[in-house]
1. Out of all the residues in the stretch 620-638, is one or more more than 30 Å from Lys23 (Cα to Cα) and more than 29 Å from the chain's Cα centre (by Cα)?
2. Under 8 Å between Cβ atoms, which residue pairs at least 6 apart in sequence (or on different chains) link something in the stretch 65-88 that is under 9 Å from Tyr36 (Cβ atoms) with a partner that is among the basic types (Lys, Arg)?
3. Would you point out the residue of the stretch 64-96, among those that are exposed (fewer than 14 other Cβ atoms within 10 Å of the Cβ) and at pLDDT below 95, that is farthest from the chain's Cα centre (by Cα)?
4. Phe690: in contact (Cβ under 8 Å) with a residue 24 or more places away in the chain, open to solvent by less than 10 Å² (accessible area, probe 1.4 Å) and closer than 20 Å to Ala607 by Cα, yes or no?
5. Would you tally the residues in the stretch 496-531 being out of contact with any Ser or Thr (no Cβ under 9 Å at 6 or more places or on another chain) and either at pLDDT below 95 or of a type in the set (S, T, N, Q) (or both)?
6. Checking the conditions here, which among Asp470, Asp456, Asp488 is of a type in the set (Asp, Glu) and surrounded by fewer than 18 Cβ atoms within 10 Å (Cβ to Cβ)?
7. Sort through Lys332, Lys326 and tell me the only one that's exposed (fewer than 15 other Cβ atoms within 10 Å of the Cβ), touching a residue at least 60 places away in the same chain (Cβ under 8 Å) and farther than 30 Å from Phe421 by Cα.
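The values are calculated or read from the model by the stated rules, or taken from the named source; none is laboratory data. It should be emphasised that the depicted structure is a prediction, and the values quoted were computed from it without experimental measurement. Glycine gets a Cβ as well: all are built from the backbone with ideal geometry, and neighbour counts include every protein chain shown. Note: areas computed on protein heavy atoms with side chains; ligands, DNA, RNA excluded. Shrake-Rupley method; radii C 1.70, N 1.55, O 1.52, S 1.80 Å.
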Amino acid sequence: MELATKYTPEEVENKWYKYWEDKGLFHSEPDARKPYTIVIPPPNVTGVLHMGHMLNNTIQDVLIRRARMKGMNACWAPGTDHASIATEAKVVNRLAEQGIKKTDLTRDEFLRHAWDWTNEHGGIILKQLRRLGASCDWKRTAFTMDETRSKSVIKVFCDLYDKGLIYRGVRMVNWDPKALTAISDEEVVYKEQQGKLYYLRYKIAGEDKYAIVATTRPETIMGDTAMCINPKDPKNQHLHGKKVIVPLVNREIPVIEDEYVDIEFGTGCLKVTPAHDINDYMLGEKYHLPSIDIFNDNGTISEAGGMYVGMDRFEVRKQIVEDLQKAGLLEKIEDYTNKVGFSERTNVAIEPKLSMQWFLKMDRLAKPALDVVMNDEVKFYPAKYKNTYKHWMENIKDWCISRQLWWGHRIPAYYLPQGGFVVAETAEQALEKAKIQSNNPNLTLDDLRQDEDALDTWFSSWLWPISLFDGINHPDNPEIAYYYPTADLVTGPDIIFFWVARMIMAGLEYQHKIPFKNVYFTGIVRDKLGRKMSKTLGNSPDPIMLIEKYGADGVRMGMLLTAPAGNDLPFDEAICEQGRNFNNKIWNAFRLVKSWKVEDLPQPDYARQAIEWFKNKIYKTQAEIDDLFSKYRLSEALMTVYKLFWDEFSAWYLEMVKPAYGQPIDRNTYDTTLAFFDHLLKLLHPFIPFITEELWQALEPRKDGESIMYAQWPELDSIDENLINDFENTKEIIAGIRTIRLQKNIANKVAMELYVKGQYQPTWNAIIEKISNIQSISQLEHELDVNTANFLVGTTEFIVPIGDMIDKDKEIEKIEADIKYYEGFLLSVMKKLGNEKFVAHAKPEVVELERKKKSDAESKLATLKESLNKLKS
C-alpha cells in the first residue's frame, strides 16, 4: 500500500469510516464473548454538534474502541431524544413565521408539523458524530419517541400508577411562562439578581396606623390573603389578632402568627400569597387561607387579579410601584440581592403556581438508588460527585412528571363523562376499565377524554439503558440479558439528578440491577478566559470546521489532552494544532521506516541494544496506560502514549537503529521496528482511530474486512526496570556530548573520542558511539595535554578532547564573555551577603540560597578560567 507524501486527514477519514460501516465493524450481536456496553446520552433529535458533545463522544469512543481490542463484544448504542420543550418551542416559532398560532391547530395538526420538523432536522447530529469517528452501532439507532421506546414509557407509567407511586393533584409547581408548562425542581437554575426590596404600607383595620411589609414582588399583592408575624417578635405584638388592608386592593386580610417568619428580615411582617410562593402555599394549607391565582399561564395578570389585567408581570411591577407611591403606600425602596429561579430551557424567570399536575413519589425509589452509589456498586469518577448525589437523594421531592405540551408521550389517563379517570396502556384497555369503573357497559371510546398533558422528557430518558434493548416490553429477552447492565456511562455532572440518579432508580425497579457499573463525569468546555462556551458569547468554535482544519484525530487529541475527568476543560485551538502535528509526526516516522532498504545482514550491537531497551520501555509504558485506563484518567493515558511515541520511539529508538544515509538496514532490526510500530499503533488507536487504521493497513498486506479495530490489545511481558533506568543514564551521556558539539560548533560528522573518569559500565557503548559519532570510549588514565570539554553524569566525569576542532579565537572570546558575566553576578551576590541587615533579617532559607549562588558562581568561574588558561597556553 503506497503512502502519500503528506498526511491528508479528510481523504483518510472518509475512506476508513466508509470501510468500517460497509464491513459492519461497529455492529454487535450477543455471543460467547464478554459484553461491553455503552449507551449514548441521547442528544436532542434536532440538535447540532457542539463542543460538549465532542468531548463526551470522544471519551465514549476511546472506551469502546479499547474494549473491542481487548476482545470484548463492544456495543455502543446510539439514539436521540425528542426534547419536548426545546422541540415544541422551535416548531411554535416556525409556525409563527408562517402566521400560524399553536392555538389555531388541533393537537394532531400540530403533531404533524412537529414530526415534519423532526424528520427534516433530526439525525443531523448523528451524521456529524460520524465525522468525529464515533464507532456507534448505527443499526441500533433509537429515538425516545419511536414505537418501542414509546410503548416502554407508557407501560412504565401504568405500572407505577398501579403500584400507587404516580398520583394527580393540585400542587405548587415551577411554571415556565414562556414554554407554558410546569417544570421540575431540577430544571430550575437559580441566578443572583440585583433587585429591589419594596417596603409597602398595609393599613391596620380600624386604626390610623400601618404595618410595613418588605417584599421583592409588589406585583403579587392582588393575591395576598393574610399577613404573618412571628409570635415571638416583640416589635409586632401590637398586630396580634388584628386585620390589615392590602394596599391599592383594599381587601381586608387577617394577621396570622407562625414561627416560620424571620424576625430579622425586613420589618418582621410577611405578606402571604398562597398561590404564588411555595412557603406561602404551605402557610395557606396550615391556616386554611384562600388562594387567589392572579397570573395567566403566560405571566400576565388574570381576571382574578382584579387590577392590571392582561399586563405582563414585570410591567405591572413598574406600574404598581408608581401607583403605590402616588397613593402614599410605599414607605421606601432598598437595593437588594437575591436568587431568582429561571427555567433551564427558556431562561425565563419561573413563576410558582398552583396547578393540577401528575407526580411520581420518589422516596421508595430513591433509597436503593442511593445505597448502590454509596457502597460503590456504581462507581463515580471523580468520586467527589458521590457527596453531591447523596445530598440530593436524601432531600428528594416528588417528581412533577406532567408537562403542558403536545410534543411528547401523552399521559395515558382517560377521563370518564361522569367524573373520575382510568389509566391504561391503550385506549381500548382504558375503555374496558372505564366500563367496569362506571358500571356502564354502553360506554364508547368517544365518551372518554385522554389527558392533554405530555410526560416530562426525562421520563423516557430514565429508561434509556433498558428501553434501548427493549427490556421494558420484554424484560427477559436475550439482548437485555446479554448487554445489561451496561459497563460505563459518560455524561456531565449537570444532569446527575435529571438523568443519572433516575436511570439508577429505573434500573433497580425494572431489571433489579444497576444500569451501569461506572459513571465518568466530564467537565464543562470553557474558553481560554474560563468562560463557558455558548452561542450567546460567540466563543464556541464549530466542531465540524475544527475537524476540517485539523482532522478528526487532531481534534480528538485537542479535546482529550485538556480533559481530566470531572474538571473543566480550558479549550485552546492550539492543542488541536498540536494534535495535527503529532499525526504528521507519526506519518513521517512511518514513511521513514518504510523507505529503508532492507538486506540480509548481521544485526549490529547498537540495534540489538536499542531493541532490548525499547521493548522494555514500551511494556512499562503500556502498564502505566492500562493503569490510567482503570482509573478513567484518559487524558493522562493519551499524554503517556504521546510521549512514548514522540520522545522515546521517534527521538531515541529510530535515531539509534536508522542506517547511515544510503546504507541498508538488517532485516531483523527492520522487522522488529515494524513490530514496534504495530504495537504503538494499537496503543494509539482508541484515541486517534483514522491515522492508525491507515498505517496499520500499510504495515503489511491485510485481508478484506480486517481492521485495527479488532486487532488484539497487546499482552504485557516482563519488564527489566534496571535496564530502563540504566539507559536513562546513557541518554544523559549522549545529551552531554550533543551539548558540547552545540556549544563548540562541532559538526556531528566529525568523529570524537570520549574519556571516562569514575565508575562506568560499558554496556551501551555501541549506542553512544553510533548516535554521537564517538570513535572510542576509554577510562582516563592521565591528564590530557589538549583542550577538552567536560560534563558530569551523576558523579562520573566525561571528557571530550576537542583540540583544534574549534575556532580558538572565537572560543576565547566566548569564555571571556562568560567570565565577565559570572564575575558581575558574583559581585551582586557578594553585595547582598555583605549587607548585615539582609543577613540578619532575611529568612534563613533565602540567605542559604544566596550562599549557594555564590558557591556555584565561584565554581563556574574556576572552570571557565581553567579552560581559558588551557586555550591560551
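1. The answer is yes; a qualifying residue exists.
2. From residues that are under 9 Å from Tyr36 (Cβ atoms), the pairs are Met72/Arg33; Met72/Lys34; Asn73/Arg33; Asn73/Lys34; Ala74/Arg65; Ala74/Arg68; Cys75/Arg140.
3. Ala96
4. no
5. 9
6. Just a single option satisfies the conditions, and that option is Asp470.
7. Every option except Lys332 fails the conditions.
The rows are residues; the columns are (1) crowded, with 16+ Cβ neighbours inside 10 Å; (2) modelled with pLDDT of 95 or more.
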| site | (1), (2) |
| --- | --- |
| Asn588 | no, yes |
| Ile611 | yes, yes |
| Tyr619 | yes, yes |
| Ala623 | no, yes |
| Asp627 | no, yes |
| Ala637 | yes, yes |
| Trp646 | no, yes |
| Tyr653 | yes, yes |
| Tyr661 | no, no |
